[in-house]
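A quick write-up on the structure given underneath.
The values are calculated or read from the model by the stated rules, or taken from the named source; none is laboratory data. Small disclaimer: the values here were computed from a predicted structure and weren't measured. Counting neighbours? That spans all protein chains shown, and the Cβs are built from the backbone with ideal geometry, glycine included. All accessible areas refer to the heavy atoms of the entire protein, side chains included, with ligands and DNA or RNA removed. Shrake-Rupley method; radii C 1.70, N 1.55, O 1.52, S 1.80 Å.
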Amino acid sequence: TTGLGPEIVFFQNGKIIVKPQDSHNLLRPETIESLFVMYRLTHDPKYRDYGWKMFQSFRQHARISTGGYASLDSVFFDDTNNKKNPNKNKHRDKMESFWIAE
């Protein structure tokens, strides 16, 4: 997996359920911002660490070779070790404007 969260999740009987069509990631930076705020409020370094790990995951999995970032088809698909086709079915041809704005 990529270490990033899917766009939509369901909670049912104590389980987290992600439908395949909902497993994409639209590059939502507000999640990292929320972790930063939690760190500032609580001074608990775990929130800073969570945010840093998420930032690193975005850099590793959403960054594209031509520059910038692109949404992911699935957060469960990680083919960074695939030498033949490292970007097969991974990135969408889309970067939401809020990725840059926030």
Legend entry - Amide hydrogen neighbours beyond the local backbone of Y69, cut-off 5 Å, H modeled: I64
Legend entry - Degrees between helix 30-42 axis and first principal axis of the chain (Cα, 0 to 90, nearest 10): 20
Legend entry - Surface share of carbon and sulfur [accessible, 1.4 angstrom probe, percent] for the chain: 53
Inset, instruction - Before rounding to the nearest 500, sum -39500 (n - 2.57) across all DSSP H runs of length at least 4 in the chain and divide by the residue total; then give [θ] at 222 nm in deg cm²/dmol. - result: -10500 deg cm²/dmol
Legend entry - Computed magnitude of the charge dipole of the chain (debye, nearest 20; Cβ of K, R +1, Cβ of D, E -1): 340
Inset, instruction - Return the long-range amide H neighbours of H91 (sequence gap of 5 or more, or a different chain), with a cut-off of under 5 Å between placed amide H atoms. - result: D73
Legend entry - Sparse-neighbourhood loop sites, trypsin sites (Lys or Arg not before Pro) in the stretch 1-85 - DSSP loop, at most 13 other Cβ within 10 angstrom: K83, K84
Inset, instruction - Extending each Cα 7 Å along its Cβ direction at R59 and E102, get the distance between those two points in nm, one decimal. - result: 2.0
Inset, instruction - Specify which labelled value, from (1) 56, 24, 20; (2) 63, 32, 24; (3) 45, 37, 26, agrees with Cα extents along the principal axes in Å derived from the coordinates of the model shown. - result: (3)
Legend entry - Inter-site label distance for R40 and W52 at 7 Å from Cα along Cβ, in nm: 1.9
Legend entry - Solvent-accessible heavy-atom area per residue, rounded to whole Å², over the chain at 1.4 Å: 71
